[in-house]
Structure formats: C-alpha cells, structure tokens
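The values are calculated or read from the model by the stated rules, or taken from the named source; none is laboratory data. Fair warning: this is a prediction, and the values are worked out from it, not measured in the lab. Cβ sites come from the backbone with ideal geometry, for glycine too, and all protein chains shown count toward neighbours.
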Amino acid sequence: MDFPLVSVIVLNYNGRQYLPDLFNSLENTDYPLDKIEIIMGDNASTDDSVVLVKERFPHVKILKFKENQGFCKGNNLCVKESLGQYIVFLNNDTLVTSSWLKNLVNAVLEDKTVVVAGSKLLKPYTRNGKRIIDYAGGKITYEINFYEGLYEFDNEDYAVQKYTGFGCGACVIVSKEFFSKIGGFDNYYFGGAEEVELGLRAWQNGFRVLFVPSSVVYHFRGVTFKNVNTFAVYAWVKSMFYFILKNYSPKNIVQYGSESILLTQMPKLIVFLLRKDLASFSSIVKGMFDFLFELKSKDLLSAIYKERLQIKNNRTVSDSELAKLGIVSSFSERMRYRLISYQGWKLEL
C-alpha cells in the first residue's frame with residue numbers, strides 16, 4: 001500500500017504532563033514513521049512544554065505562538081505549515097493505540113466520498129472492569145456537540161463503522177484539500193464548535209463523515225471538565241448563537257435559538273444561581289449580551305451574511321435532507337443527551 005503523508009497536529013497549552021506519553025505513543029504507531037509529520041502548535045504555554053518536546057522529541061516540528069490563538073486559529077496556523085495530504089487534529093491529552101492511524105487512513109481511502117473521519121475515543125479509566133465511551137459518532141446539533149455513546153460501556157454496538165455527523169476534534173482526520181477549500185476552521189470560535197461545523201460542511205457539500213471504531217484513542221477529557229473556567233463558559237455561549245445564525249435555515253434559526261435560550265441557557269443560569277456561582281452566571285449573561293452587541297455593530301452580521309451566502313452557493317444537501325439522513329439530532333435525543341452529559345460530568349468531578 002502506498003501510504004499518504006499525514007500531518008498530525010497537536011495544539012498545546014500547558015500540557016506538559018500529557019506530552020511525553022502522547023508523543024511516545026505516536027512513536028509506537030504501526031503507520032510508516034516517514035509518512036507522519038508531527039507538528040506541535042504551542043499557545044504561549046507558561047510551563048516547560050516547549051523545552052521538554054525540543055529535548056525529548058526533536059523530530060516534532062514546533063510552532064511557538066506569542067499569545068494564545070485558541071483552538072481554531074492555532075490549528076489553522078499549523079495547517080499552513082503542514083505538508084501532508086491528510087491532516088489529523090489530535091488533542092494533547094490523548095494516547096493513541098498502535099493501529100489508530102493506519103485504520104483511520106485506510107477507512108478514508110476506501111471510500112472516496114469521505115473527507116472527514118473520527119476515531120473511537122475511550123475514557124482513560126474503566127468502570128466495573130469495562131471501558132467507557134468518550135465518543136463513538138456525533139450527531140449535529142445547535143448545542144455544538146453531541147457525542148454518541150458518551151459514558152456508556154464500550155460494546156459491539158460501538159464496533160460498527162458507520163457514517164456520522166462529525167468527528168470529535170480530539171482526534172479527527174480531514175482531507176487537506178477539502179479543509180483548505182472551505183477556508184479551514186472559523187476563527188470566531190475560540191474552540192468547541194469547529195468540529196461540528198467541519199462535519200456539517202462536509203455533508204452540506206455532498207461528502208460524508210465516517211466513524212472508524214477500529215481506530216482507538218484514549219482521551220483524558222475529564223481533566224478539561226475539572227478546569228472549565230468562566231471564559232470557556234462565555235465563549236461557548238457566543239459560539240452557540242453564532243453557529244445557529246451562520247449555518248441553519250431561517251425556520252431552524254428560530255427553533256434552535258428559542259430552544260437554546262429556554263432549555264440550555266436558562267437551566268444553566270438557574271443552576272449557577274443555586275450554587276452561588278456568580279462568575280459562571282455572569283459569563284453566560286455577558287456572552288449573550290456581547291453577542292447581541294457584536295451583531296448590532298453590523299460587522300459580525302455582515303460576516304455571517306457572507307458566510308451564509310457562500311454556504312448556500314456551495315451546498316448540495318438541505319437541512320431537511322440532513323435530518324432525514326439521521327445525522328442531525330432530534331429534540332428527544334437532545335433532551336436525553338443533556339441528562340446523560342450532566343450525570344456523567346458529575347461522576348468525573
């Protein structure tokens with residue numbers, strides 16, 4: 001087999017504790033090492049991440065940013081310096097298995113309609129001796145992410161390769177040609193919505209997204225949950241409303257916007273008040289008002305209009321057709337997912 005060159009991009013911010021295990025696991029992959037380009041984009045870390053990687057993993061190409069660029073812009077900058085035919089975005093808090101990349105690439109090469117594919121992500125711990133799912137497919141939703149199988153036991157149901165809405169950004173492969181064609185990640189997102197938008201754009205443009213269960217990666221997502229800060233809450237709110245306005249038909253903008261305010265933001269505000277977490281409460285309120293202020297300034301509204309026009313001109317599949325394909329979440333699925341996410345989040349605290 002003629003293996004294509006793959007650029008594995010690891011964006012890092014103060015991830016020194018995870019980097020040795022991650023890069024060691026990458027060195028043990030069974031994909032030809034001369035066909036892997038590893039790039040680490042460092043978002044102005046204040047720990048010794050860069051020094052560590054330079055000393056212990058000299059083959060890693062390091063791009064050191066003077067300030068934190070966020071997930072989207074940071075990855076976009078790394079892609080510009082990459083040489084691979086395919087790009088893999090890989091979180092710094094992951095561990096890859098030996099066949100993860102070979103199986104991921106093979107799956108994409110076997111289906112010419114696929115331009116994006118996601119690995120199966122597992123939690124780094126077990127429960128009752130069984131592995132726990134972190135991601136086993138994704139449904140497209142206005143709430144930015146919806147991971148199938150989240151917190152469930154890994155079993156034969158999650159061993160089936162299938163088309164899915166999007167690949168989790170913790171480990172997702174994308175054709176560089178396609179990624180460049182759509183303009184990369186939208187820099188408005190600090191991080192969170194870009195993985196769903198990448199999948200949505202693939203489907204809208206007549207391509208497909210694949211979930212590849214034979215490509216297994218372990219993800220320490222729980223650490224992120226424990227360190228959620230008020231800026232992340234603030235950015236998430238803005239990203240959600242921006243995502244809705246940018247990507248959906250007028251009818252769905254009204255439906256999803258109303259559902260977001262009434263069933264997502266309002267319950268969160270109530271919970272934060274009951275917990276006397278005024279910082280998080282204020283972050284949600286500030287996120288909503290700042291987004292409205294940005295729209296009022298017309299600059300953002302103009303940008304959204306241009307994006308919507310480009311999407312309209314390029315898309316070949318409508319919102320309703322996407323819903324019929326089953327890759328867009330239903331209302332009942334979203335309600336169930338909220339409950340599962342909250343219960344699982346409490347277990348990881």
Quiz item: Looking at the stretch 18-91, what helices (runs of 4 or more DSSP H) fall wholly within it and have at least 3 residues that are at pLDDT below 95?
Solution: 70-80
Practice problem: Go through the residues of the stretch 281-296 one by one and say whether even a single one is among the β-branched types (Val, Ile, Thr) and over 24 Å from residue 190 (Cβ atoms). | Solution: no
Quiz item: in the same structural domain as residue 78 (by TED's automatic domain parsing), touching a Lys or Arg at 6+ places or on another chain (Cβ under 8 Å), more than 29 Å from residue 109 (Cβ to Cβ) and not hydroxyl-bearing (Ser, Thr, Tyr) - does that describe any residue in the stretch 200-209?
Solution: no
Self-check item: Residues of the stretch 94-109 satisfying the condition of being outside any helix (DSSP H, G or I) and surrounded by 22 or more Cβ atoms within 10 Å (Cβ to Cβ)
Solution: 94, 96
Quiz item: Can you find a residue in the stretch 186-209 that is over 19 Å from residue 242 (Cα atoms), of a type in the set (A, V, I, L, M) and not in a helix (DSSP H, G or I)?
Solution: yes
Exercise. Can you tell me which residue within the stretch 110-146, out of those that are assigned to a loop (DSSP other than H, G, I, E, B) and of a type in the set (Ser, Thr, Tyr), is surrounded by the fewest Cβ atoms within 10 Å (Cβ to Cβ)?
Key: 113
Exercise. Have a look at 8, 53, 60 and point out the one that is of a type in the set (A, V, I, L, M) and either touching a Ser or Thr at 6+ places or on another chain (Cβ under 6 Å) or in contact (Cβ under 8 Å) with a residue 60 or more places away in the chain (or both).
Key: 8
Exercise. Specify the residue that is farthest from the chain's Cα centre (by Cα); the eligible residues are those in the stretch 12-71 that are surrounded by 14 or more Cβ atoms within 10 Å (Cβ to Cβ) and among the acidic types (Asp, Glu).
Key: 47
